Amino acid sequence: MTRNLPKAELHLHLEGALTPALVREFAARNAIALSDDIYDDQDRYIWNDFPEFLKSFDKASAAIRTKKDYADLTYFYLTEQAKVGTLYVELFCSPTHAAECGLSYDDHLEAIVDGIDRAEKETGIIGRIIMTCVRHVGGDIALKVAKETAACAHPYIVGFGMGGNESMFSQETFYPAFKVAADAGLGCTTHAGEVQGPQSVWDAIDKLPVTRIGHGVRSIEDPKLVETLAKRGIVLEVCPGSNIALSVYPDYAAHPLRKFYEAGVKVTLGSDDPPFFFTSLADEYQRAHDVFGFSEEELLGVTRTAIEAGFVDDATKAKLLAKLQA
């Protein structure tokens, strides 16, 4: 069993960590009437394809309204991960989504920091923040988010990333935003090679200052790209449970996680939007062992890769690596 194996996670959307129980709790305290088609009587979110998933995500996350909601969600996720041996999590946080809830950039940040601090004090887990822009709302808003993030310079904000609909706009459209972030010393990652093919990954690694790719699994379709990822040390934030749930691959036998590892590409494990995809970080580690044949030693190596590829400061990274070694 890998339950207590030390873990680290680089690919988790904060709103995507919202469980149906938390949706009900937040809706009750915010006096929000919930749609009756968000989840079924077994507390499984209801959706059948990617567009429906996005609608389900929006319906659920509409229950988030206040700083307390964001703080409690952050605290909940991190303390749950600490129970299964997780040392470190980077949270994808969206100021654009928070603004839709009526929260300012600063209020959103303060809430997440509060959740991180409470969780670390209680369990020792370390959380950090990757501020993200949303691809399908365009380059101008992305640049605004990047400028706010760079100007803020909070020590818990360690990176800048991009999620959203991969088929909208080019990676290059967002170069101005990523340049602002990189110039401010932030690590950079972007989603690519999930819904779209290998060219989307080439575009990301050639047009943006990124050292990591969110998903990137469809790189496997281009042997030259796989070779380039290995050679450049580009890290893939792989989320197998998400990929299967969204039918990027028909089953785990078709998933290329092990092929990347054997080709020398650096891989990490993430849960993406865990309750929506009926998974968890612990499930991803267990599945890597049971289905993909990773030994416990190899999985410790995957955790080491995640810590080394994390955007956290060197002193904290050294502390995390010492914990892993112990």
Per the list (1) in a loop (DSSP other than H, G, I, E, B); (2) of a type outside the set (Phe, Trp, Tyr); (3) free of Cβ contacts under 8 Å to residues at least 60 places away in the same chain; (4) surrounded by 15 or more Cβ atoms within 10 Å (Cβ to Cβ), residue check on residue 2 breaks on (3)
Please give the number of the condition residue 211 fails out of (1) under 19 Å from the mean Cα position of the chain (by Cα); (2) farther than 19 Å from residue 285 by Cβ; (3) of a type outside the set (Lys, Arg); (4) buried (at least 19 other Cβ atoms within 10 Å of the Cβ).
(4)
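Yes or no, residue by residue, for (1) of a type outside the set (A, V, I, L, M, F, W, C); (2) closer than 19 Å to residue 214 by Cα:
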| residue | (1), (2) |
| --- | --- |
| 286 | yes, no |
| 289 | yes, no |
| 294 | no, no |
| 304 | yes, yes |
| 310 | yes, yes |
| 314 | yes, no |
| 325 | yes, no |
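Quick grid of which residues meet (1) of a type in the set (D, E, K, R); (2) in contact with a Pro (Cβ under 8 Å, 6 or more places away or on another chain); (3) modelled with pLDDT of 95 or more:
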position: 9; (1), (2), (3): yes, no, yes
position: 12; (1), (2), (3): no, yes, yes
position: 36; (1), (2), (3): yes, no, no
position: 45; (1), (2), (3): no, yes, no
position: 48; (1), (2), (3): no, no, no
position: 68; (1), (2), (3): yes, no, yes
Cβ contacts < 6 Å: first residue over 14 Å from residue 116 (Cα atoms) and free of Cβ contacts under 8 Å to residues at least 40 places away in the same chain, restricted to the range 149-165; second residue of a type outside the set (D, E, K, R) and assigned to a loop (DSSP other than H, G, I, E, B), any location; separation 6+ or different chain. Result?
150/184; 160/186
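Tell me yes or no: at least one residue of the range 33-40 is outside any loop (DSSP other than H, G, I, E, B) and without any contact (Cβ under 8 Å) to a residue 40 or more places away in the chain. Even if it seems obvious, please write down each step before you answer.
Kept after step one, since they are outside any loop (DSSP other than H, G, I, E, B), are these residues of the range 33-40: 39.
From what is left, the residues that are without any contact (Cβ under 8 Å) to a residue 40 or more places away in the chain are 39.
Yes, there is a match, as at least one residue in the range 33-40 is outside any loop (DSSP other than H, G, I, E, B) and without any contact (Cβ under 8 Å) to a residue 40 or more places away in the chain.
Do we have residue 274 as under 29 Å from residue 157 (Cα atoms) and surrounded by 15 or more Cβ atoms within 10 Å (Cβ to Cβ) here?
Values: under 29 Å from residue 157 (Cα atoms): yes; surrounded by 15 or more Cβ atoms within 10 Å (Cβ to Cβ): yes.
Criteria met by residue 274.
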Restricting the range 155-165 to residues that are in a loop (DSSP other than H, G, I, E, B) and within 21 Å of residue 308 (Cα to Cα), the residue that is farthest from the chain's Cα centre (by Cα)
155
Among the helices (runs of 4 or more DSSP H) lying completely within the range 41-141, list those that include at least 2 residues that are surrounded by fewer than 16 Cβ atoms within 10 Å (Cβ to Cβ) and under 18 Å from the mean Cα position of the chain (by Cα).
50-61
List the residue pairs whose Cβ atoms are under 6 Å apart, where the first residue sits in the range 50-65 and is modelled with pLDDT of 90 or more, the second is β-branched (Val, Ile, Thr) and assigned to a helix (DSSP H, G or I), and the two are 6 or more positions apart or on different chains.
60/23; 63/23
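The values are calculated or read from the model by the stated rules, or taken from the named source; none is laboratory data. Keep in mind it's a predicted model, so treat the numbers as computed, not measured. All Cβ positions, even for glycine, are placed from backbone atoms using ideal geometry, and neighbour counts span all protein chains on display.
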